[in-house]
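Notes for the one structure printed next.
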Amino acid sequence: MTRPTFAELLALPGVTEQCDLRGRLGFMAYHGGGLEETTDVIARRAAILSDASYYGVLHPPDWDLHIPSIRVTPDQSPVLAGFIEHVDIVITIHGFGRRPLLTSILLGGQNRALATHVAGHLRAVLPAYDIVDDLDDIPLELRGVHDRNPVNLPRCAGVQVELPPRVRGSSPLWWDWESGLVPHTEALISGLAAAATSFATS
């Protein structure tokens, strides 16, 4: 089956865009909703806490159609184009799942100064995780350094944050958690918001 364009994906039933324009630092989660679960919640809450801008795409529950990042382009969405024009730098939230990396958080993207900054904040609040900000230690396909990747389109590019299921509350560790976000997710949001706030004002 031929993959749809990003514009065609956005036109499918149940797929919705979200955008809140605030500060010049932005958070993105365009594989949110039922695709890479909780990524949109993390990005939007971190954006609110840090007065940052936010762009997300929510997919229906149990969605399995994945549009590669390099096909998520501003020419396919006026909303995304407006977001990219508004922000100077971004933190993009993704989800991934690989058995050897179940406790690893990967920080890719072209803005390595921001990656180092975010890594420091996440290590402080998530000591049980390996925060990886050396590109050589990140699998090639998860590095997010392609020029057409949306994380690198703003003026100062940005950081691609790849999150394993556990920190998003989607692993068996949390099978009996009954309400709200799990503690690891709350700590992650706090760390991301603190990193965004301090970077934006530095």
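The values are calculated or read from the model by the stated rules, or taken from the named source; none is laboratory data. Only a predicted model underlies this, so the values are computations on that prediction, with no experimental measurement involved. All Cβ positions, even for glycine, are placed from backbone atoms using ideal geometry, and neighbour counts span all protein chains on display.
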Is at least one residue of segment 158-180 surrounded by 20 or more Cβ atoms within 10 Å (Cβ to Cβ), closer than 19 Å to Asn111 by Cβ, more than 12 Å from the chain's Cα centre (by Cα) and not hydrophobic (A, V, I, L, M, F, W, C)? no
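Just one of Asp137, Asp130 is surrounded by fewer than 16 Cβ atoms within 10 Å (Cβ to Cβ), in contact with a Ser or Thr (Cβ under 8 Å, 6 or more places away or on another chain) and closer than 26 Å to His66 by Cβ; which is it? Steps first, please.
Numbers: Asp137 fails: in contact with a Ser or Thr (Cβ under 8 Å, 6 or more places away or on another chain).
Every option except Asp130 fails the conditions.
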Determine whether segment 99-109 contains at least one residue that is without any contact (Cβ under 8 Å) to a residue 40 or more places away in the chain and either more than 11 Å from the chain's Cα centre (by Cα) or over 26 Å from Leu9 (Cβ atoms) (or both). yes
In the list Asp64, Asp51, Asp20, which residue meets the criterion of being touching a Gly at 6+ places or on another chain (Cβ under 6 Å) and among the acidic types (Asp, Glu)? Asp51
Of the residues that make up segment 118-134, is at least one in contact (Cβ under 8 Å) with a residue 12 or more places away in the chain, within 28 Å of Val79 (Cβ to Cβ) and touching a helix residue (DSSP H, G or I) at 6+ places or on another chain (Cβ under 9 Å)? yes
By residue number, the members of segment 110-129 that are more than 15 Å from the chain's Cα centre (by Cα) and in a helix (DSSP H, G or I) are Arg112, Ala113, Thr116, His117, Gly120, His121, Arg123, Ala124, Val125
From the list Ser170, Ser104, Ser179, pick out the single residue that is at pLDDT below 95 and in contact with an Asp or Glu (Cβ under 7 Å, 6 or more places away or on another chain). Ser170
Helices (runs of 4 or more DSSP H) completely within segment 1-96 that count 1 or more residues being modelled with pLDDT under 95: none
Residue count, segment 154-197 (criterion: touching a Phe, Trp or Tyr at 6+ places or on another chain (Cβ under 8 Å) and without any contact (Cβ under 8 Å) to a residue 40 or more places away in the chain): 1
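Do we have Gly144 as in contact with a Lys or Arg (Cβ under 9 Å, 6 or more places away or on another chain), in contact (Cβ under 8 Å) with a residue 24 or more places away in the chain and at positive phi here?
So Gly144 fails the test.
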Is it fair to say Ala124 is in contact with a Ser or Thr (Cβ under 8 Å, 6 or more places away or on another chain) and either within 15 Å of Ala157 (Cα to Cα) or among the small types (Gly, Ala, Ser) (or both)? no
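Return the residues of segment 143-199 that are in a loop (DSSP other than H, G, I, E, B) and of a type in the set (S, T, N, Q); say none if nothing qualifies.
Across segment 143-199, the qualifying residues are Asn149, Ser170, Ser171, Ser179.
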